[in-house]
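K.L.:
Submitted below is the structure of interest, expressed as structure tokens.
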Ligand SMILES: [Zn+2]
């Protein structure tokens, strides 16, 4: 970076009109792109990509991130270094894009998949053997019962899509027509309900987990 | 290969270990479930502070326990946290 800046200098430069702002944007772009490239090159799912391709990808991500950073500049409260805050936004942007792209590939491969909740997705008999036992049996029945009879269809679908399919939450939220926060709450409520029903029967998830060993 | 693809292939083939893993995953999620949890946006609001504490050698889990709890239960925020930590460590090396 041409001139090291502290937080105040970053904000002042990015708010300044004309060449001062342009210079700060160029420095921020370069700073982010270098780090995104480093990160992308290290990702196991991108190992097969050439450096040029990853350079272009990190340049795109940096560009998109800087637009968002400039839009959010007023929200920077100075609790961290400006570059840490900017990197956080860039990582969120880049990883969100990668998750959506990966999901598009998966959806194409499995064109018949419809994200509908499969009530049988835990398949008792498979899970039960060989280390089954009474606790596992009972806990599984409670979970299946709550999923089929107590959770709303949306809750079951959301839990299934996230846990089993690994669908990105941004895509799932859009499909359900809810905000990301509302989706989190939907699944959180479902988890709390499942946990409460298990605890009512004297079954703690920790105990059930330890009965595997 | 993406994890989700593996999941789906295993699912359609009905591999016992897959269902077994799903059941464990669900139990782990329930074990980590708290009455009050941060949403992703609340956790992300604090993520930069959290990572700077880690970089400074502090223990963010005692200073920002709600964020630590969110990172354990939310794979997307955990992935972003790990990436952020990794790229910021570039400046230390
Ligand atoms: Zn999250």
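K.L.:
Only one of these is more than 16 Å from the ligand (Cβ to nearest atom), more than 9 Å from every other protein chain (Cβ to nearest Cβ) and surrounded by fewer than 19 Cβ atoms within 10 Å (Cβ to Cβ): A:142, A:178. Name it.
P.N.:
Details: A:178 fails: more than 16 Å from the ligand (Cβ to nearest atom).
The unique qualifying residue is A:142.
K.L.:
Which numbered condition trips up residue B:1, out of (1) modelled with pLDDT under 95; (2) assigned to a helix (DSSP H, G or I); (3) over 26 Å from residue A:209 (Cα atoms)?
P.N.:
For residue B:1, the exception is condition (2).
K.L.:
Here is a further query. So which of A:199, A:172, A:122 is surrounded by 14 or more Cβ atoms within 10 Å (Cβ to Cβ) and modelled with pLDDT of 95 or more? Write out each step before concluding.
P.N.:
Values: A:199 fails: surrounded by 14 or more Cβ atoms within 10 Å (Cβ to Cβ); A:122 fails: modelled with pLDDT of 95 or more.
Result of the check over A:199, A:172, A:122: A:172.
K.L.:
What number goes with the only condition from (1) modelled with pLDDT of 95 or more; (2) within 12 Å of chain B (Cβ to nearest Cβ) that residue A:25 does not pass?
P.N.:
Failed condition: (2).
K.L.:
A further question follows. Could you please give the count of residues in region B:63-93 that are in contact (Cβ under 8 Å) with a residue 24 or more places away in the chain, surrounded by 21 or more Cβ atoms within 10 Å (Cβ to Cβ) and over 9 Å from the mean Cα position of the chain (by Cα)?
P.N.:
Total meeting the criteria: 3.
The values are calculated or read from the model by the stated rules, or taken from the named source; none is laboratory data. Bear in mind that the values here come from a model prediction, so they are computed numbers and not experimental data. Backbone-built Cβ (ideal geometry, glycine too); neighbour counts: all protein chains shown.
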